[in-house]
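Each remark here refers to the structure printed beneath this line.
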Amino acid sequence: MIELNVKAGPADQQRDDAVVIALLEGRELTDSGKALQLATGKVLPNFLNKFDSTGSFGGTRTLYDVEGTLTQRVMLLGVGDEKKLTLHKLRVLAAKAARKLEKSGAQDVSLYLSELAVGEASLAEKVQAIAEGVELGLYRFDKYKHKKDDKHRGLRSITIMISSQEELNDAELAVARARAVSAGTNFARDLSNEPGNVCTPEFLGDQAAALSHEKLNVTVMGKAAIEEIGFYNLLAVNQGSAKEPRFIILDYKGGNEGDAPVALVGKGLTFDAGGISIKPGAQMDEMKFDMCGSAVVLGIFKTITEMNLPINVLGLIPSTENLLGSAAYKPGDVLVGYKKDISIEIQNTDAEGRIILSDALAYAAEQKPAEIIDFATLTGACVVALGSHATGMLGTGEKIKSDLKVSGDHTYDRVWELPMHEEYQEQIKSDIADIRNIGGRDGGTITAACFLSRFVGDVPWAHLDIAGTAWNMKGNDISAKGGTGAGVRLIVDYLSRKAS
Ligand code: BES
Ligand code: ZN
Ligand code: ZN
């Protein structure tokens, strides 16, 4: 874990191994950069004159042992056009800088980025984005590699430089928030990246239990308890697996006693082979990520506990594998789960997420929460519709959805709404049961949400299909290849706004 500090002071006086200065488009410098330029006599001006890059976004140039400074390196970080900067671009810049610095061999570094003007953003918002960029950008999952990547050479501390001592307190609080959000996100990434033979339902239960805290009560139900309470749909999907299922309940009481909680439900499918309706072999390994919904929920609880957020939150995670054992549930089976007045005809055992979620959502609704938000890697159709840059959002809770849109835009953990007009419900009618578990190829993400909608009663509800955003085999600006932790920043921002 990297140490993050905040400090005020001029760049030429820093004794760190590296000082990072922003270079604006057109070879312009920020105030700190200009002061450093003066202190260096001719070195920096001469360099800038010859500089072949004009400060385009994300590019870096490093100068060593610059006269007039106390640091080993001055790294110029291109930030592009200041007018076009956003908080997310700042997050990305910090991530890029942190990764470059890590490879440079520097141990202690200072970043002069918070003085950049980013629209109307406050210093605290900018510092939070920078700190998140550092923490998220440096994340990697290499616990199973015997030979660690030796490009990483012991970066120890990053100091986020601010312009005035007076804002130190605000900036430190912002760093603490960023730390909590990143810890939750990186925890979700860790859980997501674990292979399926390690990350089993039992493992998820243990990981959840380990989050227990004064204000967070965690209950992990095993098979017997699941049978007793009547989560029969979860049990049906579990029939094909030799591993026991789990049902995890997280009860966080940060708010007033008696305040209805926000319920968060996460799909915890630790490996989805499709069941009897088996998936094709190509990329089937990626179906270890089918528990990312549960990873997001656990990540959120980690963060809100750390932040001591004043709000009540209930977390529910149904967890199993979807395999093909001889007792596996089959196409044609009819199920009745926790919600006794809905029978389900199975037409494809690969549409199992909605089956296990049906029990969790019905149970959630019964607890009378203020609202329900679920997270699931639910449909390949959502990847087709939205790709990897926005989470699919559907549901009945209009206010939840509009607030999620605001939080998504603010955190850049974005959502995009798909419609759920009532006509779509026709597609999940069954000939022999109340509903069937697939709605045909057309509008696959929508009909999956229609299925879920039958189990939430009249509780305002939003469904987040994270099939395209939860993991990324190419990696992105702030995430290494693999689990991204998408949804954690989004919901922590959403809950924070609600709590204040
Ligand atoms: N876990 C998958 C959805 C998925 C597929 C997520 C690919 C990310 C990438 C889900 O359980 C599933 O298999 N859904 C089926 C539903 C279909 C049978 C109606 C799908 O999307 O193909
Ligand atoms: Zn499936
Ligand atoms: Zn699945």
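The values are calculated or read from the model by the stated rules, or taken from the named source; none is laboratory data. Fair warning: this is a prediction, and the values are worked out from it, not measured in the lab. All Cβ positions, even for glycine, are placed from backbone atoms using ideal geometry, and neighbour counts span all protein chains on display. Side chains included, ligands, DNA and RNA excluded: accessible areas come from the protein's heavy atoms. Shrake-Rupley method; radii C 1.70, N 1.55, O 1.52, S 1.80 Å.
Summary table below
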{"quantity": "Qualifying residue in region 161-169 (condition: more than 23 Å from V20 (Cβ to Cβ), open to solvent by 10 Å² or more (accessible area, probe 1.4 Å), among the polar types (S, T, N, Q) and not assigned by TED's automatic domain parsing to the domain that holds I276)", "calculated": "yes"}
{"quantity": "Condition check for F271: in contact with a Lys or Arg (Cβ under 9 Å, 6 or more places away or on another chain) and either of a type outside the set (S, T, N, Q) or more than 11 Å from ligand 1 (Cβ to nearest atom) (or both)", "calculated": "yes"}
{"quantity": "Some residue of region 327-343 being part of a loop (DSSP other than H, G, I, E, B), aromatic (F, W, Y) and within 29 Å of M284 (Cα to Cα)", "calculated": "yes"}
{"quantity": "Matching option when the condition is within 16 Å of ligand 1 (Cβ to nearest atom) and of a type in the set (A, V, I, L, M), among A260, A282", "calculated": "A282"}
{"quantity": "Candidate set: region 366-380, residues that are in a strand (DSSP E or B) and within 16 Å of ligand 3 (Cβ to nearest atom); chosen: the one nearest to A467 (Cα to Cα)", "calculated": "A376"}
{"quantity": "Sole residue being assigned by TED's automatic domain parsing to the domain that holds D458, under 17 Å from C450 (Cα atoms) and among the hydroxyl-bearing types (S, T, Y), chosen from S402, S407, S343, S388", "calculated": "S343"}
{"quantity": "Condition check for A360: open to solvent by 20 Å² or more (accessible area, probe 1.4 Å), closer than 15 Å to A449 by Cα and among the aliphatic types (A, V, I, L, M)", "calculated": "no"}
{"quantity": "Per-region count, region 30-56, residues in contact with a helix residue (DSSP H, G or I) (Cβ under 8 Å, 6 or more places away or on another chain) and either without any contact (Cβ under 8 Å) to a residue 12 or more places away in the chain or open to solvent by 70 Å² or more (accessible area, probe 1.4 Å) (or both)", "calculated": "2"}
{"quantity": "Of all residues in region 257-278 being more than 13 Å from ligand 2 (Cβ to nearest atom) and aliphatic (A, V, I, L, M), the one that is surrounded by the fewest Cβ atoms within 10 Å (Cβ to Cβ)", "calculated": "A260"}
{"quantity": "Condition broken by E214, with the remaining ones in (1) away from ligand 1 (no atom under 16 Å from the Cβ); (2) under 21 Å from the mean Cα position of the chain (by Cα) satisfied", "calculated": "(2)"}
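One line per residue, one yes/no per condition, for (1) hydrophobic (A, V, I, L, M, F, W, C); (2) open to solvent by less than 20 Å² (accessible area, probe 1.4 Å); (3) over 27 Å from the mean Cα position of the chain (by Cα):
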| site | (1), (2), (3) |
| --- | --- |
| G58 | no, yes, no |
| L87 | yes, no, no |
| L101 | yes, yes, no |
| L113 | yes, yes, no |
| A117 | yes, no, no |
| V127 | yes, yes, no |
| A131 | yes, yes, no |
| K147 | no, no, yes |
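Per-residue answers, yes or no, for (1) closer than 14 Å to E132 by Cβ; (2) of a type in the set (D, E); (3) more than 17 Å from the chain's Cα centre (by Cα); (4) not in a helix (DSSP H, G or I):
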| residue | (1), (2), (3), (4) |
| --- | --- |
| N169 | no, no, yes, no |
| A176 | yes, no, yes, no |
| R179 | yes, no, no, no |
| S192 | no, no, no, no |
| C199 | no, no, yes, yes |
| F203 | no, no, yes, no |
| T219 | no, no, yes, yes |
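Every residue, every condition in (1) more than 20 Å from D272 (Cβ to Cβ); (2) open to solvent by less than 10 Å² (accessible area, probe 1.4 Å); (3) away from ligand 1 (no atom under 16 Å from the Cβ), yes or no:
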| position | (1), (2), (3) |
| --- | --- |
| S326 | no, no, yes |
| K330 | no, no, no |
| D333 | no, no, no |
| K340 | yes, no, yes |
| I346 | no, yes, no |
| E398 | yes, no, yes |
| K405 | yes, no, yes |
| M420 | yes, no, yes |
